[in-house]
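Worksheet: one structure, shown below.
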Amino acid sequence: MMNKDEILLNAQKALFYEVATPIKPGLVDPVTHGAHQDMDIYTFIDSSLVLRPYFEECFDVGINFWGRLPALFEELRSRGIRAEKVMLTETGGVNTHKGAIFSLGIFVAATAYLKQTQTEFSMIKIQKIIQQMLPNLLKNDFRNLATKKGLTAGEKQYLKYGHTGIRGEAMQGYPTVAKGVAFLEMTTGTKQERILDTLMFLASKVADSNLVKRADNPQILIWMQKQSEIYFAKGGAKKDAGRKYLKDLDQLFSEKQYSLGGTADILIATLFCGLMMRII
Ligand SMILES: CC(C)(COP(=O)(O)OP(=O)(O)OC[C@H]1O[C@@H](n2cnc3c(N)ncnc32)[C@H](O[C@H]2O[C@H](COP(=O)(O)OP(=O)(O)OP(=O)(O)O)[C@@H](O)[C@H]2O)[C@@H]1O)[C@@H](O)C(=O)NCCC(=O)NCCS
Ligand SMILES: Nc1ncnc2[nH]cnc12
């Protein structure tokens, strides 16, 4: 298993690899800000760097933890809430990495916990640890929704459509990340082509509450699956037709204010695992 510095470096690399990759539909890259007028690449550089101490805390909590795993998540959560505040202070109130604070924080802590007893990073073992950390996430988080004021997009979508969003994904041990890692391993080409193809693969699998919120329509997820199919039929990132399609899609997303913000967070977690497995 890699040492602490290497693991934390991989967490930061995952954040930078994702945002550095052009052309992602509706998302920020070094040249465009997609559907996010309040962000640019510099906002993401600031946010990625300021989160380093938080990921270090997640590692330390995981490596020193003993006891029942749900208590590990409780320890993370209070730190995650603080990290969200640090991010918002650094970005001037912009939500760059809310999903990544949650998901990547869980992955870093689970990796550190695994390191206590195992010499190798294993996707299956990480998924099991995460499942054991989060048995009651949905029940606890959605307990008082009917009377809660100021619901988040994820909470609203649970009440309106029954979508369990990022919490459902996390509770199941991130099956979509596992699929993303298996896909990433199969990809060929440059790093950029492999990351773009993995993003578009994930875009057909993730129930992205950010996309549903922006489109104000859950059917958008089915439309997104179709776009992903067309992209791969055109040869994906390694072909001019695939890249042209992506560029047009980015244009459309920017005009309609659609974003794949949740998918970007799942890509970040996928890249972290890929880096831990040395497949990227
Ligand atoms: C459990 C939390 C993630 C809280 O969830 P919450 O209920 O607050 O919000 P959700 O709407 O459910 O989603 C939160 C963010 O998670 C990302 N996301 C959405 N769907 C998925 C998915 N299927 N898989 C992975 N990640 C997902 C998404 O973040 C991205 O979108 C952001 C940009 O959105 P944008 O619309 O521009 O900005 P907003 O602020 O949302 O709205 P406007 O201001 O524009 O109107 C971009 O940042 C991406 O990261 C959702 O935003 C977790 O946050 C939580 O529990 N928080 C408490 C602290 C905590 O527990 N931390 C855990 C430590 S381990
Ligand atoms: N590149 C990106 N653009 C917008 N939101 C994001 N959330 C995570 N990565 C993002």
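The values are calculated or read from the model by the stated rules, or taken from the named source; none is laboratory data. From a predicted model like this one, the values you see are computed outputs, not experimental measurements. Cβ placement follows ideal geometry from the backbone for every residue including glycine, while neighbour counts extend to all protein chains displayed. In case anyone asks, the SASA skips ligands and DNA or RNA and just uses the protein heavy atoms, side chains included. Shrake-Rupley method; radii C 1.70, N 1.55, O 1.52, S 1.80 Å.
If I filter the stretch 67-80 for residues that are away from ligand 1 (no atom under 15 Å from the Cβ), part of a loop (DSSP other than H, G, I, E, B) and modelled with pLDDT of 95 or more, do I get at least one hit? The answer is yes; a qualifying residue exists.
When T89 is tested against (1) of a type in the set (S, T, N, Q); (2) more than 11 Å from ligand 2 (Cβ to nearest atom); (3) in contact (Cβ under 8 Å) with a residue 40 or more places away in the chain, exactly one condition is not met: (3).
Condition (residue is of a type in the set (D, E, K, R), at pLDDT 95 or above and over 30 Å from A35 (Cβ atoms)) applied to the stretch 121-134: is it met by at least one residue? The answer is yes, given that some residue of the stretch 121-134 is of a type in the set (D, E, K, R), at pLDDT 95 or above and over 30 Å from A35 (Cβ atoms).
Rundown of residues vs (1) without any contact (Cβ under 8 Å) to a residue 60 or more places away in the chain; (2) within 27 Å of F44 (Cα to Cα), yes/no style:
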position: W66; (1), (2): yes, no
position: L72; (1), (2): no, no
position: R82; (1), (2): yes, yes
position: L104; (1), (2): no, yes
position: K115; (1), (2): no, no
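Looking at the structure I just gave you, is S254 part of a helix (DSSP H, G or I), at negative phi and among the hydroxyl-bearing types (S, T, Y)?
Working: part of a helix (DSSP H, G or I): yes; at negative phi: yes; among the hydroxyl-bearing types (S, T, Y): yes.
Judged against the criteria, S254 is a match.
Taking the listed residues Y17, Y42, Y54, the one that is away from ligand 2 (no atom under 12 Å from the Cβ), among the aromatic types (F, W, Y) and crowded, with 16+ Cβ neighbours inside 10 Å is Y54, with no other qualifying.
Within the stretch 57-69, the set of residues being open to solvent by 40 Å² or more (accessible area, probe 1.4 Å) and of a type in the set (F, W, Y) comprises just one member, W66. When the stretch 20-39 is limited to residues that are among the hydrophobic types (A, V, I, L, M, F, W, C) and within 10 Å of ligand 2 (Cβ to nearest atom), the one that is most open to solvent (accessible area, probe 1.4 Å) turns out to be A20. Within the stretch 192-206, the set of residues being under 15 Å from A14 (Cα atoms) and away from ligand 2 (no atom under 16 Å from the Cβ) comprises just one member, R194. Please enumerate the residues belonging to the stretch 159-172 that are more than 11 Å from ligand 1 (Cβ to nearest atom) and either under 28 Å from A20 (Cβ atoms) or in a helix (DSSP H, G or I) (or both). Answer for the stretch 159-172, where residues must be more than 11 Å from ligand 1 (Cβ to nearest atom) and either under 28 Å from A20 (Cβ atoms) or in a helix (DSSP H, G or I) (or both): L159, K160, Y161.
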